[in-house]
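Taking it in order: structure first as structure tokens, then the write-up.
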Amino acid sequence: MIERRSKRRTEAAHSALHTAAGEAVTVVHLAAEYFPYARTGGLAEAVAGLARFQALAGIRTMAIMPLYRTAREVAGELEPVGEAFTVQVGPRLEQARLLREVNPRPGGRIHFIEHDGYFDRERIYGDAKGDYQDNPERFAFFALAAVAALPRLTTGPILLHAHDWHSALAVVYLRTYYGGLPWFDAIRSVLSVHNAGYQGHWRPEILPLLGIPWELYNYRQLEWYDQVNVLKGGLVNADAVVTVSPNHANELRTTEGGFGLHAVFNWLGDRFVGIVNGIDQKVWDPTGDPHIALPFSREDCRPKVQCKLATQRAFSLPENPTLPLFGMAARLVTQKGIDIILKGTDLFDLDAQYVFLGAGEPRFEHALTELSEARPDRVAVNTKFTDHLEHVLMAGADICLMPCQYEPCGLTQMRAQRYGVIPVARRVGGLADTIDDSVTGFLFDEYGSEPLVGAALRALDRYVEPDEWNRIRLTAMGRDFSWERSVERYFDVYRRVIGGEFRSSEVP
């Protein structure tokens, strides 16, 4: 017991992030998803990657997420952190427990908020009928319970880093429910916006159920077009706001790209910054990837031909090393550009093969499946996404399709370039920040089938010139998309928040 307590004191004293007085600061991430415990898209991987690499950089890092059924299955043996505690969310008194893994994984330590009534369900956000009707109460409880649990993690300074609308209420509760309590008042906060297309819009009558005073329902704080907007509440209460690429930060400041919150993003001024996500370049490394047929490198790409044949076999396409292979690993939703892929047949009239890996809207799954049945020699679809198959696809594809309607950051284009797969993508968000047109990929501007096909044709024109294609491929494979670069940028934001350099103005 003495040794354990001594170790915990040592951990608490160590952090690369300090206050001006030299006190170690603990960064606590709050998120609805965290890889590998619960994942529906890029949020889980982004939060887990950031926390892990911050911990490796010497920042004392922890994370809190709901204990979903899937999270319990993945986590294995758990131990309580203190006794169960009561959380009052509006008129309701709910019991919560804070748990952690007995055998934690490397990186920042993960904690779970347990409430089986809210989180022990088959899916995270909803079922076949749609979103769970009690999502407002579920995530309000999570946010409030997470803030209530913070003193169990450390008695020292905390920087609370909330992610997306699911945890944005934690920032609101910090300044309202816990406002006036010195220890909580000292907590600094950052809110990351991974996808501003999801904001948490609910009817005003929900406020009493969330324990939020009616005074906050005004156009400067939580009111948004006669609705409660949870993300907006987080934005106006956070000390700083981050989105996941510099170009997307600029987009969110515009009427066209701000999802109705452009005025708030502009009001934030220099407290709103864009930082590109990273990828784990040890996991996404073709020189030692255990999922692929043969390792290859920037210095020797020849084994990629065998990887291509293995990919064609894995997706039941005819094996042809010379035919260009387009790959798309994404949720099959409008945001990812599936509608302009399917509009007309021009793209599929090109002399090429296509692999679509991912699930999504039934109409898109059905349309792509019909297309693959009509053209089995050219089109393959697999809606049972796995990490293994994504690695196989990245190793064997030649061109990566990302014709997104919008894309805050994107990770697939970074992985693709590491494997010598050249992106054909729309010039939006993080795609514009991580792909150089005609240098490491091919970009188009207008959202439509014709511009997409035009960019694909430009790629194919280079593909038939081996020396030129090899030049593009080698340049792409040499790009640095490491989390280490992103962590440095976040460290700067944290330092400025802790030092009080960001000046907040009157609520918009």
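The values are calculated or read from the model by the stated rules, or taken from the named source; none is laboratory data. Bear in mind that the values here come from a model prediction, so they are computed numbers and not experimental data. Cβ sites come from the backbone with ideal geometry, for glycine too, and all protein chains shown count toward neighbours.
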**OP:** Determine if segment 57-70 includes at least one residue that is under 30 Å from residue 358 (Cβ atoms), free of Cβ contacts under 8 Å to residues at least 12 places away in the same chain and either not assigned by TED's automatic domain parsing to the domain that holds residue 359 or not hydroxyl-bearing (Ser, Thr, Tyr) (or both).
**Re:** no
Original post:
What is the number of the single condition among (1) within 29 Å of residue 229 (Cβ to Cβ); (2) out of contact with any helix residue (DSSP H, G or I) (no Cβ under 8 Å at 6 or more places or on another chain) that residue 164 does not meet?
Top reply: (2)
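Does any residue of segment 381-388 turn out to be among the hydroxyl-bearing types (Ser, Thr, Tyr), free of Cβ contacts under 8 Å to residues at least 60 places away in the same chain and in a loop (DSSP other than H, G, I, E, B)? First the steps, then the outcome.
Going through segment 381-388, the residues among the hydroxyl-bearing types (Ser, Thr, Tyr) turn out to be 383, 386.
Cutting the leftovers down to free of Cβ contacts under 8 Å to residues at least 60 places away in the same chain gives us 383, 386.
The next check asks that each one be in a loop (DSSP other than H, G, I, E, B); those that pass are 383, 386.
Yes, segment 381-388 contains at least one residue that is among the hydroxyl-bearing types (Ser, Thr, Tyr), free of Cβ contacts under 8 Å to residues at least 60 places away in the same chain and in a loop (DSSP other than H, G, I, E, B).
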Original post:
Hey, residue 351 hits all of (1) in a loop (DSSP other than H, G, I, E, B); (2) in contact with a strand residue (DSSP E or B) (Cβ under 7 Å, 6 or more places away or on another chain) but one; which does it fall short on?
Top reply: (2)
Original post:
Any idea which residue in segment 32-58 is surrounded by the most Cβ atoms within 10 Å (Cβ to Cβ), counting only those that are closer than 30 Å to residue 22 by Cβ and out of contact with any strand residue (DSSP E or B) (no Cβ under 6 Å at 6 or more places or on another chain)?
Top reply: 50
Original post:
When residues of segment 232-244 are filtered for being surrounded by fewer than 24 Cβ atoms within 10 Å (Cβ to Cβ) and farther than 18 Å from residue 496 by Cα, how many remain?
Top reply: 0
Subject >> Residues that are of a type in the set (Phe, Trp, Tyr) and surrounded by fewer than 21 Cβ atoms within 10 Å (Cβ to Cβ), drawn from segment 310-364 >> reply: 348
Original post:
From the residues in segment 459-481 that are of a type in the set (Lys, Arg) and either surrounded by 16 or more Cβ atoms within 10 Å (Cβ to Cβ) or touching a helix residue (DSSP H, G or I) at 6+ places or on another chain (Cβ under 8 Å) (or both), which one is nearest to residue 323 (Cα to Cα)?
Top reply: 462
Original post:
Taking residue 384 and the conditions (1) within 18 Å of the chain's Cα centre (by Cα); (2) surrounded by fewer than 22 Cβ atoms within 10 Å (Cβ to Cβ), which numbered condition does it fall short on, given that it satisfies the others?
Top reply: (1)
Subject >> Where residue 227 falls short, out of the listed (1) surrounded by fewer than 23 Cβ atoms within 10 Å (Cβ to Cβ); (2) within 21 Å of the chain's Cα centre (by Cα) >> reply: (2)
**OP:** From the list 441, 420, 429, 410, pick out the single residue that is under 24 Å from residue 194 (Cα atoms), out of contact with any strand residue (DSSP E or B) (no Cβ under 7 Å at 6 or more places or on another chain) and crowded, with 24+ Cβ neighbours inside 10 Å.
**Re:** 429
**OP:** Assess whether residue 130 counts as being surrounded by fewer than 16 Cβ atoms within 10 Å (Cβ to Cβ) and either free of Cβ contacts under 8 Å to residues at least 40 places away in the same chain or closer than 22 Å to residue 202 by Cα (or both).
**Re:** yes
Original post:
Within segment 181-203, how many residues are more than 29 Å from residue 152 (Cβ to Cβ) and part of a loop (DSSP other than H, G, I, E, B)?
Top reply: 6
Original post:
With respect to residue 392, is the statement that it is over 22 Å from residue 36 (Cβ atoms), surrounded by 19 or more Cβ atoms within 10 Å (Cβ to Cβ) and at pLDDT 95 or above true?
Top reply: no
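If you check residue 202 against the conditions, is it touching a helix residue (DSSP H, G or I) at 6+ places or on another chain (Cβ under 8 Å), assigned by TED's automatic domain parsing to the domain that holds residue 21 and over 23 Å from residue 405 (Cβ atoms)?
Working: touching a helix residue (DSSP H, G or I) at 6+ places or on another chain (Cβ under 8 Å): yes; assigned by TED's automatic domain parsing to the domain that holds residue 21: yes; over 23 Å from residue 405 (Cβ atoms): yes.
When the stated conditions are applied, residue 202 passes them.
Test residue 387 against the criterion of being in the same structural domain as residue 320 (by TED's automatic domain parsing), among the acidic types (Asp, Glu) and farther than 20 Å from residue 468 by Cβ, and give yes or no.
Considered against the rule, which asks whether it is in the same structural domain as residue 320 (by TED's automatic domain parsing), among the acidic types (Asp, Glu) and farther than 20 Å from residue 468 by Cβ, residue 387 comes out as yes.
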